[in-house]
Amino acid sequence: MGPAVGPAKQAAGAPHAVDRLAALLAEDLAAVDALIHQHMASPVGVIPNLAAHLIDAGGKRIRPLITLAAARLLGGGGDGARKLATAVEFVHSATLLHDDVVDLSDMRRGKKAANLIWGNSASVLVGDFLFARSFTLMVETGDIQVLDILSRAACIIAEGEVMQLAAANDAETTRERYMDIIGAKTAALFAAAGKAGAVVAGRPGAEATALETYGRELGLAFQLVDDALDYGGVSATMGKNSGDDFREGKVTLPIVFAREAGDDSERTFWRRVISGERSDDDFHRAVALIRRHDGIALTLQAARDHAARAKAALEILPANAYREALADLPDFVVDRAY
């Protein structure tokens with residue numbers, strides 16, 4: 001069984017889905033960027049300096065874009081949606097700062113990880129500052145329901161990170177357990193971003209549920225593609241950070257598929273390397289085993305399935321430019337692997 005054929009490539013030079021969505025929401029996004037810099041300001045210099053090192057490093061702002069688009073799609077928007085989008089970005093940034101400390105990461109968004117420059121303690125504390133700022137912004141909207149949505153998401157994300165920590169170096173991690181982990185640590189914020197955008201637009205019913213489902217399924221697809229890219233994706237081209245999951249002892253879906261399909265000697269290999277006893281050469285063998293058992297293809301098929309569910313969730317919503325832009329995102333997420 002070879003890799004499934006990916007979606008057709010977009011025309012050379014054509015803007016991808018995130019750029020199109022950002023252009024559609026340019027005024028809102030500019031206001032969110034201003035709010036980000038306003039609210040990460042502090043007389044304690046290390047706070048804005050460390051935060052800016054991460055936040056200004058070129059992230060695509062996908063999660064706040066979902067909040068802004070969800071609100072505009074349903075006829076809302078304005079100050080409340082912008083504050084929520086900023087809160088979403090702060091929650092995401094805080095989790096990245098904490099993740100890099102836990103994972104002992106060297107790089108983030110193509111730059112040296114903040115904890116290597118300012119130290120672990122400063123990174124954790126600035127992450128806490130960004131979490132606190134996010135709650136300030138939620139309160140400023142005056143909507144207790146959006147505060148409930150995003151505060152619950154923050155709790156779920158933390159639970160997911162702890163679940164992942166508990167599963168580290170456990171070669172017997174199942175597909176079900178792994179999907180629970182990424183559903184919490186990655187998809188929960190995507191889901192909250194969509195639902196909060198609908199609620200702040202005054203549509204807390206079926207539309208909010210649809211956008212919550214959209215966000216959750218998109219988030220799952222996003223993480224699964226990242227899993228595949230850590231082992232080279234379809235093209236088998238290794239990026240600068242390829243193999244990070246392997247070196248950190250994380251069992252992701254490509255490994256789950258390879259381990260389940262492998263023989264006893266291969267399962268012994270996985271137990272050894274995931275437990276922490278590994279060399280540089282072991283990564284190359286891991287990639288070979290994953291490809292032998294179609295771990296990349298199967299992971300990307302799972303990502304495509306979640307992407308399709310994300311698009312289907314939008315069908316009950318009003319047909320307009322914002323829905324169309326959101327519907328393009330799942331294909332863009334999956335296309336990254338090709």
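The table for this structure:
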item: Table column - 3J(HN,Hα) (Hz), region 150-159, Karplus curve with 6.51, -1.76, 1.60, x for Gly and Pro; result: 6, 5, 5, 4, 4, 5, 5, 4, 4, 4
item: T268-K112 FRET efficiency (beta carbon distance; Förster radius 30 Å; 0.05 resolution); result: 0.25
item: Degrees, to the nearest 10: 62-73 long Cα axis against longest axis of the chain; result: 40 degrees
item: Folded to 0 to 90 degrees: helix 295-313 orientation relative to the chain principal axis, Cα; result: 20 degrees
item: Surface accessible to a 1.4 Å probe, per residue, for the residues of the chain, Å²; result: 41 Å²
item: Between region 270-336 and region 47-67, the alpha-carbon center distance in angstrom; result: 23 Å
item: Ordering of 91-101, 288-298, 17-27, 77-87 by burial proxy (mean other Cβ atoms within 10 Å per residue, highest first); result: 77-87, 91-101, 288-298, 17-27
item: Global form of region 35-108, assessed from the alpha-carbon gyration tensor, a/c cut-off 1.5; result: oblate
item: Solvent accessible area, Å² - S265, 1.4 Å probe, full protein context; result: 70 Å²
item: Summed side-chain charge close to A52 - residues other than A52 whose Cβ falls under 15 Å, Lys, Arg +1, Asp, Glu -1; result: +3
item: Stretch gain in nm, segment R336-D282, where the contour uses 0.36 nm per residue and the Cα spacing is subtracted; result: 16.9 nm
item: J(HN,Hα) series, region 45-52, from Karplus relation 6.51 cos²θ - 1.76 cosθ + 1.60, nearest Hz, glycine and proline x; result: x, 5, 5, x, 5, 5, 4, 5
item: Protection-proxy order for peptides 253-262, 160-169, each taking the mean of Cβ atoms within 10 Å per residue, highest first; result: 253-262, 160-169
item: Charge-dipole axis of the chain as Lys and Arg at +1 and Asp and Glu at -1 on Cβ define it, positive-most pick from I117, G160, A31; result: A31
item: The chain - mean residue ellipticity at 222 nm from DSSP helices (-39,500 (n - 2.57) per run, n ≥ 4, rounded to 500); result: -22500 deg cm²/dmol
item: Helix axis angle, 206-229 relative to the chain longest principal axis, alpha carbon, degrees; result: 40 degrees
item: Descending principal axes extents, region 77-228, alpha-carbon based, whole Å; result: 44, 36, 24
item: Taking N as its residue count, the alpha carbon Rg of region 144-272 over 2.2 N^0.38 Å; result: 1.23
item: Protection proxy ranking of 276-286, 308-318, 189-199, 63-73 - average other beta-carbon atoms within 10 Å, highest first; result: 189-199, 63-73, 308-318, 276-286
item: Members of K112/K311; K111/K195; K250/K311; K112/K195; K83/K185; K83/K250 lying beyond 24 Å, as alpha-carbon distances in this model show; result: K112/K311; K111/K195; K250/K311; K112/K195; K83/K250
item: Cα-based shape type of region 111-182, given that a ≥ b ≥ c are square roots of the gyration tensor eigenvalues and the cut on a/c is 1.5; result: oblate
item: Cut-off 14 Å between beta-carbons: net charge of the residues surrounding A325, Lys and Arg +1, Asp and Glu -1; result: +1
item: Positive minus negative residues near A191 (Lys, Arg vs Asp, Glu; Cβ under 13 Å); result: +4
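The values are calculated or read from the model by the stated rules, or taken from the named source; none is laboratory data. Bear in mind that the values here come from a model prediction, so they are computed numbers and not experimental data. Cβ sites come from the backbone with ideal geometry, for glycine too, and all protein chains shown count toward neighbours. Only protein heavy atoms, including side chains, enter the accessible area calculation; ligands, DNA and RNA are left aside. Shrake-Rupley method; radii C 1.70, N 1.55, O 1.52, S 1.80 Å.
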